[in-house]
Each structure stands twice: as structure tokens, then as C-alpha cells.
Amino acid sequence: MNFSSLLIIVLIVLAGAYFLGRNRARAISHQGMRMHSLPNQYGTLMALWTGVPALILLVAWQLLETPIINHLLIAKLPAAMQAAEPAIIELTISKVYNLAASAGINADPSLTPAVEHLIALNERTLLLNSGMALSLCLICLVVTYKRISPNLRARVEMEKIVNALLLASSGVAVLTTIGILASVLLEAWMFFQIVNPLDFLFGTSWSPQVALRADQAGSSGSFGAVPLFAGTVLISLIAMIIAVPIGLMSAIYLSEYASSNVRKYAKPALEVLAGIPTVVYGFFAALTVAPLIRTLGADLGLDVSSESALAAGLVMGIMIIPFVSSLSDDVINAVPQSLRDGSFGLGATKNETIRQVVIPAALPGIVGAIMLAVSRAIGETMIVAMAAGLAANLTANPLDSVTTVTVQIVTLLVGDQEFDSPKTLAAFALGLVLFLTTLILNFVALKIVQKYREQYD
Amino acid sequence: MNDTNSMKLIENHKTTGEPFSKDVKISARNVDVFYGEKQAIYDASLDIGKNEVIALIGPSGCGKSTFLRTLNRMNDTIDICRVKGDILLDNENIYGAHVDTVPLRARVGMVFQKPNPFPKSIYDNVAYGPRIHGLAQSRVELDEIVEKSLKRAGLWNEVKDRLHAPGTGLSGGQQQRLCIARTIAVDPEVILMDEPCSALDPIATAKIEELIDELREKYTIAIVTHSMQQAARVSQRTAYFHLGQLVEVNPTEKVFTKPEHKLTEAYITGRFG
């Protein structure tokens with residue numbers, strides 16, 4: 001019996017427990033007793049008690065099985081092998097697993113005891129596992145069934161269990177974040193063992209090529225990330241200069257001026273922009289906008305590189321417009337009509353009403369929308385990779401080619417890499433910086449929104 | 001009394017009582033209002049005299065608020081609303097082709113059912129109107145207007161130390177008086193009030209009623225109310241609306257003691273809500 005069929009059996013027992021519990025509760029109440037809770041609440045309680053402990057056991061078993069078995073196997077290996085390096089032991093263990101799976105062929109007699117032990121263990125654990133899960137299931141079922149009585153506060157108990165389940169679910173999200181942060185931190189820490197953090201944060205030269213052999217000439221790699229930060233900021237800034245005014249103004253048009261017919265078609269049309277894959281924006285930026293800017297620049301006598309921050313920023317700005325406009329449109333619509341009426345009632349024009357009453361009232365939401373757009377701009381990779389280039393120039397000139405943090409992370413990790421070279425580890429350090437930046441941005445956005453909330457609600 | 005009965009009573013109805021006055025500020029003649037296909041007001045003619053408080057009463061959905069909102073064209077903000085007939089402010093038709101709603105609403109201000117202070121400071125709420133109409137030449141002048149308006153609305157003593165705190169932080173009654181201050185800061189000639197006390201507690205209501213009585217010296221006021229006691233306390237004339245018809249207009253005392261029309265009598269004695 002494998003894991004999935006076991007799971008199905010537990011679920012069937014669980015469903016059975018529900019009906020059993022409900023019917024017992026009904027039967028008791030038919031005898032004229034006054035039950036504390038409704039019959040289906042007794043049923044749910046039965047199902048929860050039957051299912052949850054068994055499922056927890058199954059999951060825990062899955063997590064713990066491999067390390068325990070490995071530990072037991074190592075004991076069966078030849079003594080010489082046990083003294084070897086951890087990496088070699090690991091390799092041998094996986095060999096044992098392979099041999100156990102393809103029974104009969106054994107090239108290495110010294111491993112035979114381990115292989116046989118593994119096969120035996122596998123049989124035993126399966127039996128043990130399913131036996132334990134099912135008996136836990138049944139024990140809980142019987143115990144809960146016995147407990148059903150008019151005095152059992154099934155609803156209260158059920159709500160407590162559900163509460164715990166909800167808590168566990170939200171815990172998963174938090175734990176995942178912590179896990180991601182921990183893994184990035186660990187790798188970044190290794191990077192900072194090799195490269196001085198100050199050189200990384202404040203160095204102005206980025207050239208992550210590292211010599212593959214010790215005797216290779218040149219390229220010891222320099223990891224000054226300032227050009228990347230500058231490139232990210234430059235491109236995001238261009239994008240926001242495009243997206244914020246256009247997005248905001250289209251939101252104002254859609255919510256305040258457009259007739260319901262125009263709005264019905266214009267809003268989804270605008271939101272289509274958000275559905276276009278960023279790679280397609282990348283084509284557009286690299287093949288249409290960048291050459292256009294180059295030609296335009298040449299006509300004006302400017303020297304424009306064929307991959308420019310301006311092209312990437314422009315197209316990214318267009319991509320972000322729907323974020324700003326759609327969210328702002330929603331918040332502007334949420335401003336109560338009574339505020340507009342109050343302003344009109346004083347003889348204000350539509351323009352004055354929008355500028356001085358509606359927009360200030362919607363400001364927290366608009367700031368939130370813009371912050372979301374900024375995080376999106378900072379995290380965007382594809383458009384920049386295709387249109388802005390990979391050259392880490394430290395420049396404020398939008399006509400030059402620049403590169404961003406995300407693009408460098410991608411280029412550092414693409415292809416076969418050794419995971420102990422600073423080149424690869426640099427990606428994690430960059431990731432950490434990116435993570436912290438967006439974290440701070442979100443935090444600031446939240447504070448701004450709260451400040452205005454307190455004032456105006 | 002049910003709707004079918006009352007409908008018979010107002011079929012081809014001519015307003016009873018004294019809808020017209022001598023010293024006229026606003027005069028409405030043969031006003032019909034439509035929301036799309038549905039007619040909300042039928043042929044209403046009514047004068048509002050200078051420096052009087054006129055109360056518009058009637059059961060819910062009778063058209064009294066709609067009528068009030070036609071007086072400064074607030075109904076323009078509703079797409080499907082159409083108004084027929086003439087409304088003259090100082091003998092000038094406010095629905096004329098060349099009339100701009102902006103100066104009109106500066107002359108005919110409005111206070112709404114729910115207090116709706118702007119998300120600004122108390123000072124900026126009051127200064128909003130004078131600023132957009134360019135009524136003050138200097139900061140000092142603006143300060144004076146704000147102070148005068150808040151004093152006239154009876155709010156000055158409560159807020160003079162926190163003029164720059166948000167207006168939304170005031171209590172409901174204070175907010176409504178702030179909205180009145182905001183309205184009188186523009187120095188209108190007429191103030192329309194749409195159930196200004198319905199969201200307030202009795203003490204705040206009493207304050208506003210007192211204020212309305214004082215404001216009468218300077219302004220013409222039309223007030224929609226659901227409270228008959230309030231109509232009796234603050235107004236000189238009362239107009240009773242029913243199912244879109246202007247049933248009866250008479251001096252307030254007469255309406256509440258010897259109503260001419262059966263429907264008015266039924267309403268003030270509480271036979272419909």
C-alpha cells in the first residue's frame with residue numbers, strides 16, 4: 001500500500017465518520033434528549049478527530065522516513081565506507097537505493113547487506129506506516145463516537161480545531177517567507193565571506209567573471225553593485241515617469257468623465273496591457289522602440305546606444321500603466337458621492353472637485369497603487385534583459401545601455417555553474433538586496449496608507 | 001389611508017393654500033421632474049420668499065428632496081434626470097440656456113443629509129469655497145471669512161484651537177455645523193438643507209435648529225425634513241408633497257393646526273410614514 005492509496009482510505013474513513021457521528025447525534029436527539037450542538041456539527045467533529053491526527057502522522061512520516069532510513073543504512077555499510085567523507089557516503093546511499101529498486105543485479109558485493117536491509121526496511125515501514133495511520137484513524141473514531149452525548153460541546157470543540165487548522169495554514173505562508181529569506185541569507189553569507197560587503201554595496205565596478213583555473217590570467221572578478229542599483233533606479237524612474245501620470249489621468253477619465261459605455265469597453269481594454277507576457281514587451285522594446293529612439297537620437301545629433309535605458313524604461317512604463325490606472329480607478333470610484341455633491345453644492349467645477357476633494361480622499365489608495373507599480377518595475381527582468389543590455393555602466397544618461405539587479409541575477413545563474421564560486425553566490429547577495437528593498441518599499445507604502453487612513457476615516 | 005385612496009384624492013390636483021408669496025426669492029412654476037421614464041414631480045408651482053424658512057415635508061419618496069435639488073440644479077449630476085418648467089432666482093431662469101451652474105450654486109448653497117466634510121483640515125473645509133471663488137484677496141481676509149463663518153455656524157468656540165485638525169475628526173453634529181459653515185463661507189443667498197439633522201442626536205439637532213433660526217436674518221432657507229416637530233419649530237411656511245404632487249402650502253402654524261387638505265391632515269396625524 002503506497003502513500004496515495006493510504007491517503008484515499010483515510011479520506012473515505014473520514015467521510016464515514018461524518019455520517020456516523022451525525023446519525024448517532026440524531027439518534028440520541030430522537031430519544032428526546034436535548035443536544036448541545038446540531039447533528040452535523042457532531043459529524044464534523046467526528047470527521048476532524050478521525051482525519052486530522054492520521055493525516056498529521058502521514059505527513060510527519062513522509063518527512064522523517066528518509067533521514068531515519070539513511071541513518072540505518074549507513075550502519076550497514078562496510079566500516080571503511082563509514083569513515084569516508086559525507087559526500088561519498090551520500091553517493092553510496094543513493095547507489096544502495098538504485099540497487100534495491102533494480103533487484104538482482106549487484107555489482108558491488110560489499111553493499112549487499114545494506115541493499116537487503118533496505119528492501120526489508122521498505123516492506124516493514126510500509127506495513128508499519130499504514131498500520132499506524134489506520135489504527136490511529138480507527139482509535140480516534142471509536143473514542144469520539146463514544147464521546148458523543150448531549151453534554152459534548154461539539155460546536156465549540158469543532159471551532160477550536162478549525163481555528164487551529166486556519167492558524168496552521170497561515171503559518172505555511174509565513175514559514176515559506178522565512179525559509180526563502182533563510183536560504184538567500186545563507187548563500188549571501190557565503191558570498192560575503194569571499195567579497196567584502198562594503199566593496200559589494202559601494203563598489204562602482206561590476207564584472208563578475210572569475211577565473212576557472214588558479215593559473216588563469218586576469219579576471220579575478222569585481223563585485224561592486226552600484227552600477228546595477230543605479231541602472232535599476234534609472235529604469236524604474238523612467239518607467240514611473242511614464243506610468244504614474246498616464247495611469248492616474250486615465251483612471252480619472254475612466255471614473256469621473258467617461259460615460260458608462262466608454263468605461264465598459266475602455267477599462268478591460270486597458271487591462272489587456274497587464275495580460276501581455278513581458279517577453280512580448282521585450283520584443284517590442286528591443287525591435288521597435290529601441291531602434292526608433294536610436295534613429296530619433298541620430299536625427300538630433302545624439303549618440304544613442306542601440307540598447308538604451310530609455311527604451312526599456314518606456315516600455316516598462318507602458319506595461320505598468322494598467323496597475324496604476326486600474327487600482328486608482330477603483331479607489332477613486334470608492335470615494336463617496338456625498339463628497340462630490342458637497343463640493344458641487346458649493347459651486348466648485350468638476351475639475352476643482354476632482355483635484356481638491358476626490359484625489360486627496362483617494363490618496364492612500366493611489367499611493368498604494370503606485371508603490372505596487374514600483375515594486376513591479378524593480379522586479380521586472382525580461383524587458384530590461386532584452387532592451388537595456390547587460391553592460392554594467394554607471395551612468396545617469398538614459399540613452400546609454402545599463403543593466404539591472406534582476407537581469408544580472410539571471411545572467412549569473414543561467415547555464416552550468418559551480419555553487420561555491422563568488423560569481424554564482426553574487427546572485428544571492430543581489431537577491432537579498434532586492435528582497436530588502438521591496439520589503440522596505442512595502443513597509444513605507446503601508447505606513448503612508450495608514451497615516452492618511454487615521455486622518456481621513 | 002392607502003396609496004390607491006390617496007391617489008384619488010390628488011388626481012388632477014391643484015395645490016391648495018398659498019403657494020405664492022409677495023417678496024419672492026425663488027419662484028418655481030409648473031415644474032416636472034423625470035428620472036428616465038418615471039416622473040418624480042408633477043406640475044409643482046411654489047414661491048420661496050426672502051428671509052423665510054420653508055419646510056418641505058411628506059412621506060418617503062414623495063419628491064421633496066428631488067424638488068429641493070432642482071433649486072440649485074444638483075440634479076444635473078444625475079444622468080437620467082430631466083427637469084421641465086421654470087425656476088426663477090431673482091426673476092432669472094436658472095434652467096436658461098446660458099446659465100452656468102458654478103455661480104448658481106455659489107448663490108444657492110446646499111447642506112446634505114449626511115455630514116460630508118472633505119478630507120481636509122477644519123480650516124481648509126471652510127476656506128474651500130472662498131478659495132475656488134476667489135473671495136479673499138489675502139490670507140488675512142481668508143482667515144476672517146473662516147472665523148466669521150465658523151462663528152455664524154456656532155462652531156468657532158469648539159474648534160478655534162484646532163483649526164488645522166482634520167474635519168473628519170469632529171463629532172457628527174459638529175461635522176454638520178462645519179458643513180453649514182462651509183456653505184455660508186461662500187456667502188450664498190439661499191441655503192437648501194436636505195434633512196440636515198437626520199443623522200444627528202437630539203442635542204446636536206437642537207443646536208442646528210437654533211442656528212437655522214438665526215441664519216434666517218440673512219438667508220433664504222428651504223429645508224427638507226422628516227420630523228414634523230422640526231418643521232413646526234424652524235419654518236414659517238410648510239409645503240406638503242405627496243407622490244410627486246405639491247398638495248398644500250400654508251403658513252406652518254396653519255398646516256399643523258388646521259390643514260386644508262385631507263392628505264396633509266392624514267400625514268401630520270401620523271396615518272402614513
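Table for the structure above
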{"quantity": "Matching residues in segment B:101-131 - criterion: being open to solvent by 30 Å² or more (accessible area, probe 1.4 Å) and more than 20 Å from the chain's Cα centre (by Cα)", "calculated": "B:120, B:124, B:131"}
{"quantity": "Qualifying positions in segment B:228-263 - under 22 Å from residue B:31 (Cα atoms) and small (Gly, Ala, Ser)", "calculated": "B:239, B:244"}
{"quantity": "Hits in segment B:170-216 (condition: within 14 Å of chain A (Cβ to nearest Cβ) and under 18 Å from residue B:232 (Cα atoms))", "calculated": "B:192, B:193, B:194, B:195, B:196, B:198"}
{"quantity": "Answer residue from segment B:217-231, given it is open to solvent by 10 Å² or more (accessible area, probe 1.4 Å) and within 22 Å of residue B:151 (Cβ to Cβ) and is nearest to the other protein chains (Cβ to nearest Cβ) among those", "calculated": "B:218"}
{"quantity": "Residue that is farther than 27 Å from residue B:45 by Cβ and surrounded by 20 or more Cβ atoms within 10 Å (Cβ to Cβ), where the choices are B:184, B:203", "calculated": "B:184"}
{"quantity": "Total residues in segment A:249-265, condition free of Cβ contacts under 8 Å to residues at least 40 places away in the same chain and surrounded by 15 or more Cβ atoms within 10 Å (Cβ to Cβ)", "calculated": "3"}
{"quantity": "Residue in segment A:338-360 that is closer than 23 Å to residue A:437 by Cα, in contact (Cβ under 8 Å) with a residue 12 or more places away in the chain and not polar (S, T, N, Q) present", "calculated": "no"}
{"quantity": "Segment B:40-75, subset charged (D, E, K, R) and part of a strand (DSSP E or B), residue least open to solvent (accessible area, probe 1.4 Å)", "calculated": "B:47"}
{"quantity": "Among the residues listed as A:296, A:314, A:292, the single one being of a type in the set (A, V, I, L, M, F, W, C) and closer than 15 Å to residue A:242 by Cα", "calculated": "A:314"}
{"quantity": "Criterion: facing chain A (nearest Cβ under 9 Å) and among the small types (Gly, Ala, Ser) - qualifying residue of B:63, B:109, B:85", "calculated": "B:109"}
{"quantity": "Complete set of residues in segment A:335-366 that are charged (D, E, K, R) and within 9 Å of another protein chain (Cβ to nearest Cβ)", "calculated": "A:340, A:341, A:352"}
{"quantity": "Helices (runs of 4 or more DSSP H) wholly inside segment A:273-349 containing at least 3 residues that are buried (at least 16 other Cβ atoms within 10 Å of the Cβ) and touching a Phe, Trp or Tyr at 6+ places or on another chain (Cβ under 7 Å)", "calculated": "A:337-345"}
{"quantity": "Which numbered condition residue B:248 misses (of (1) among the acidic types (Asp, Glu); (2) under 16 Å from the mean Cα position of the chain (by Cα); (3) modelled with pLDDT of 90 or more)", "calculated": "(2)"}
{"quantity": "Any chance residue A:381 is in contact with a helix residue (DSSP H, G or I) (Cβ under 6 Å, 6 or more places away or on another chain), open to solvent by 10 Å² or more (accessible area, probe 1.4 Å) and hydroxyl-bearing (Ser, Thr, Tyr)", "calculated": "yes"}
{"quantity": "Among the candidates B:240, B:267, residue that is over 24 Å from residue B:180 (Cβ atoms), out of contact with any Ser or Thr (no Cβ under 9 Å at 6 or more places or on another chain) and not in a loop (DSSP other than H, G, I, E, B)", "calculated": "B:267"}
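To keep it simple, each residue is scored yes or no on (1) within 11 Å of another protein chain (Cβ to nearest Cβ); (2) in contact (Cβ under 8 Å) with a residue 24 or more places away in the chain.
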site	(1), (2)
B:114	yes, yes
B:132	yes, no
B:149	no, yes
B:153	no, yes
B:162	no, yes
B:168	yes, yes
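The values are calculated or read from the model by the stated rules, or taken from the named source; none is laboratory data. Note that the structure is a prediction, hence the values are computed from the model and not measured. Because the Cβ atoms are built from the backbone with ideal geometry, glycine has one as well, and the counts that use them run over all protein chains shown. The accessibility values were calculated without ligands, DNA or RNA, using every heavy atom of the protein model including side chains. Shrake-Rupley method; radii C 1.70, N 1.55, O 1.52, S 1.80 Å.
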